Ligand code: UD1
């Protein structure tokens with residue numbers, strides 16, 4: 001029986017929902033191969049003509065530890081049934097150079113000890129670039145899941161991570177035709193580019209049912225920040241922990257997430273944004289805001305936190321789990337976000353999405369390409385306009401080609417063929 005050792009890497013929250021279906025597809029492949037073995041009387045040379053079915057995959061999972069809070073990391077391993085990482089590098093927070101440098105130093109040791117055939121990286125976080133560079137320098141082949149995305153904005157750290165990773169990857173596993181075109185334009189060969197679809201949607205399709213069954217009020221009550229001061233005031237009740245969710249159910253609500261440095265790191269950007277959210281957006285539609293640690297820190301540093309907490313139509317919640325966010329997204333009248341993953345999920349679910357970014361590496365989600373997302377940057381004028389327009393939008397999902405829940409299977413096949 002042939003064996004192939006694949007080392008995959010996760011570092012930060014958006015990686016976890018991409019690695020879950022990959023790990024499950026490897027397990028399913030191995031179960032098929034072992035089943036063939038048993039069927040042929042324990043002879044581990046399966047009869048199939050398909051060479052892929054004769055290879056057992058040994059999967060070794062590395063967590064770099066860039067995200068380390070339970071709510072930002074561990075809860076996803078539990079809820080998405082991701083195997084426990086074989087190694088946690090414990091990198092933690094720091095500047096980009098610190099995170100990338102520490103990751104390379106620690107990852108090299110694991111790589112040299114484990115000697116995998118492939119390193120598989122996902123997305124565009126610091127772990128993606130750090131581990132792909134380290135692997136190539138150790139002459140280990142690299143496969144990049146979600147290759148070819150380009151925002152064409154090199155001020156985004158993720159754009160640098162994407163460009164560096166794609167430039168040295170042996171296998172470029174792409175989510176959409178825009179990504180294929182970007183890679184062709186950059187001179188990558190057709191042999192390297194494999195159009196497999198969007199792995200995030202595998203996770204969405206596998207977890208839709210569970211998310212739909214969650215209770216909205218419980219999600220909010222279990223994750224409220226500051227004991228739901230805003231909730232009590234809005235509902236006019238002081239004895240219930242939060243009766244706001246009933247208002248949310250009847251009148252609808254918007255969901256907000258933001259964490260990009262371009263939106264949250266500068267006071268002159270964040271102050272007008274918060275004013276718009278308090279004075280106009282939430283006055284029209286209650287706002288459920290899941291606050292990223294970076295954003296919370298900056299809101300506190302810029303003296304904005306207390307006013308938001310007191311704001312009667314804003315419900316502040318801690319970072320929530322995958323199913324909880326999926327339920328909010330399925331139920332919300334609209335999404336305001338600077339997250340790439342939520343843009344994609346809103347596209348499939350049909351939730352009108354105000355994308356608070358100047359550019360996107362995911363143009364397939366935009367209204368002009370059949371999706372539900374509109375770019376506004378952090379400009380209050382553009383956000384106000386999109387908000388008014390989207391308030392009366394009908395929910396209409398859009399599934400680009402190969403966003404079909406079977407991407408991880410295709411990825412395993414492409415790696416085995418390479
Ligand atoms: C990272 C990714 C970004 C992704 C985002 C999702 C890069 C370059 N950026 O950005 O692409 O969209 O994750 O969340 O890799 N912190 C905690 N607990 C944690 C993790 C972080 O409190 O578990 C705080 C720390 O104060 C840290 C700050 O959040 O300094 C930012 O975290 P960091 O990992 O530097 O980047 P993100 O902004 O999360």
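The values are calculated or read from the model by the stated rules, or taken from the named source; none is laboratory data. No experiment lies behind these values; they were computed from the predicted model shown. With ideal geometry, Cβ positions are generated from the backbone for all residues, glycine too; neighbour counts draw on all protein chains shown.
Tell me, please, whether a residue that is modelled with pLDDT under 95 and on the phi > 0 side of the Ramachandran plot can be found in segment 38-49. Yes, segment 38-49 has at least one match. Restricted to helices (runs of 4 or more DSSP H) entirely inside segment 316-396, those with at least 2 residues that are within 16 Å of the ligand (Cβ to nearest atom) are 322-331, 340-349. Every listed requirement among (1) in contact (Cβ under 8 Å) with a residue 60 or more places away in the chain; (2) buried (at least 19 other Cβ atoms within 10 Å of the Cβ); (3) away from the ligand (no atom under 16 Å from the Cβ) is met by residue 205 save one, (2).
Being within 25 Å of residue 291 (Cα to Cα) and at pLDDT 95 or above is the requirement here; does residue 11 meet it? Yes; evaluated as a whole, the condition is true for this residue. Filtered by the rule that a residue be in a helix (DSSP H, G or I) and in contact with a strand residue (DSSP E or B) (Cβ under 9 Å, 6 or more places away or on another chain), segment 306-315 gives 308, 309. Of the helices (runs of 4 or more DSSP H) entirely within segment 251-304, those holding at least 2 residues that are more than 16 Å from the ligand (Cβ to nearest atom) and surrounded by fewer than 20 Cβ atoms within 10 Å (Cβ to Cβ) occupy 267-276. When only residues in segment 391-417 that are modelled with pLDDT under 95 and in contact with a strand residue (DSSP E or B) (Cβ under 9 Å, 6 or more places away or on another chain) count, which is surrounded by the fewest Cβ atoms within 10 Å (Cβ to Cβ)? Checking each candidate, the answer is 391. Mind checking which pairs have a first residue in segment 122-146 that is in contact (Cβ under 8 Å) with a residue 40 or more places away in the chain and within 11 Å of residue 164 (Cα to Cα) and a second that is in a loop (DSSP other than H, G, I, E, B) and more than 13 Å from the ligand (Cβ to nearest atom), Cβ under 6 Å, 6 or more apart or different chains? Between residues of segment 122-146 that are in contact (Cβ under 8 Å) with a residue 40 or more places away in the chain and within 11 Å of residue 164 (Cα to Cα) and residues that are in a loop (DSSP other than H, G, I, E, B) and more than 13 Å from the ligand (Cβ to nearest atom), there is no close pair. In the condition set (1) more than 26 Å from residue 28 (Cβ to Cβ); (2) modelled with pLDDT of 95 or more, residue 58 is compliant with all but (1).
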